[in-house]
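This report concerns only the one structure given below.
The values are calculated or read from the model by the stated rules, or taken from the named source; none is laboratory data. Nothing here was measured: the structure is a model prediction, and the numbers come from that model.
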Amino acid sequence: MSEDRKPNEDIVALRSILFDTLHGLKNKTLDVQRAEAIRDVAQVIVNSAKVEVDAMKVSGGVVGKDNSFFKALPNGTNGVTIHKIR
């Protein structure tokens, strides 16, 4: 994990911020200009996460490594099995 990044800066935290933004707009406690700035920054973060996922697919990497935006697997978990319905 980057030394500058706080441990809770992940997809869950981003969703929380975006929902807080939505509530602020609904309650009229947040102006549209600020909400648009939050939206723009969030989009950059989401695009960065997409690149991270693509890189993991290509490299065979594991979600949750030290620099991952996504949560690490719980302790004792060796991997994930994905089941697809045909």
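Every residue, every condition in (1) under 16 Å from the mean Cα position of the chain (by Cα); (2) of a type in the set (Lys, Arg); (3) at pLDDT below 80, yes or no:
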| position | (1), (2), (3) |
| --- | --- |
| 31 | no, no, no |
| 44 | yes, no, no |
| 47 | yes, no, no |
| 59 | no, no, yes |
| 66 | yes, no, yes |
| 77 | no, no, yes |
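For residue 9, the conditions (1) within 27 Å of residue 53 (Cα to Cα); (2) modelled with pLDDT of 90 or more; (3) of a type outside the set (Gly, Ala, Ser) all hold with the exception of (2).
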